[in-house]
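**Q** Pasting a structure here, questions to come.
What follows draws every value from the coordinates through simple rules; no lab data is involved. Just so you know, these numbers come straight off a predicted model, no measurement behind them. Cβ: placed from backbone, ideal geometry, glycine included. Neighbour counts: every protein chain shown.
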């Protein structure tokens, strides 16, 4: 069934389709960034597709390739039981110009998924209603899932924010929490 969905997209948007392939049993259509929104709107609204669910949206970094990033979405039809993976490629070698249209007006689930891709990779979703970091604090510098992000980078320390009504938990000890952003030292002692 997904093969027919792939053929439907190629038939409707042939000039905007860069390539198609199947990987691990999933049909994939790679499209031009300029057609990203239109193809998703078609898949959601056309009676032959009825892709009522955006089940995932993420990105992949290929630092030696231009365009550098692939934005990847997975759409699914609850009524017809078929799914399709869509990809588009954005960004130059430095990670700039990584812009693509937001899908938030089509699926509410795109809101947080796009914010995560922005936070982790720096991809900007044009037209997103609230594009800001979702996993990291606002002062975090860089995008940690880019392959050129240094794993041993120390982030700037920021003071606690005073938030009325919220009791603050003490920060992690020097040997707790995530391994990045911590200076190396001896392992924590076992009791």
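**Q** Along Cα→Cβ, 7 Å out, is where each label goes; now give me the distance between the ones at residue 133 and residue 78 in nm to one decimal.
**A** 3.5
**Q** Tell me the label-point distance for the pair residue 10, residue 158, using the 7 Å Cα-to-Cβ offset, in nm and rounded to one decimal.
**A** Result: 4.7 nm between the two label points.
**Q** Here is a further query. Between rounded, prolate and oblate, where does the range 32-88 land on the alpha carbon gyration tensor, with a ≥ b ≥ c its root eigenvalues, rounded for a/c under 1.5, else prolate if a/b exceeds b/c?
**A** Here the range 32-88 falls in the prolate category.
**Q** Please report 106, 54 as a ranked list, fewest other C-beta atoms within 10 angstrom at the top and most at the bottom. Mind showing how you got there, number by number?
**A** Numbers: 106 18, 54 21.
With the fewest neighbours first, 106, 54 line up as 106, 54.
**Q** For residue 56 and residue 148, FRET efficiency with R0 = 25 Å and r from the beta-carbon atoms, rounded to 0.05?
**A** Efficiency, rounded to the nearest 0.05: 0.55.
**Q** Here's something else I'd like to know. Tell me, 28, 104, 88 in order of fewest to most beta-carbon neighbours within 10 Å?
**A** So the residues, fewest neighbours to most, are 28, 104, 88.
**Q** Need one word for the range 2-126: rounded, prolate or oblate. Basis is the Cα gyration tensor (sqrt eigenvalues a ≥ b ≥ c); a/c below 1.5 gives rounded, then a/b vs b/c decides.
**A** Details: a/c = 1.86, a/b = 1.43, b/c = 1.30.
The shape class here is prolate.
**Q** What whole-number distance in Å separates the alpha-carbon centres of the range 69-131 and the range 1-38?
**A** 15
**Q** Order by neighbour count: 121, 140, fewest other Cβ atoms within 10 Å first, most last.
**A** Arranged by neighbour count, lowest to highest, 121, 140 become 140, 121.
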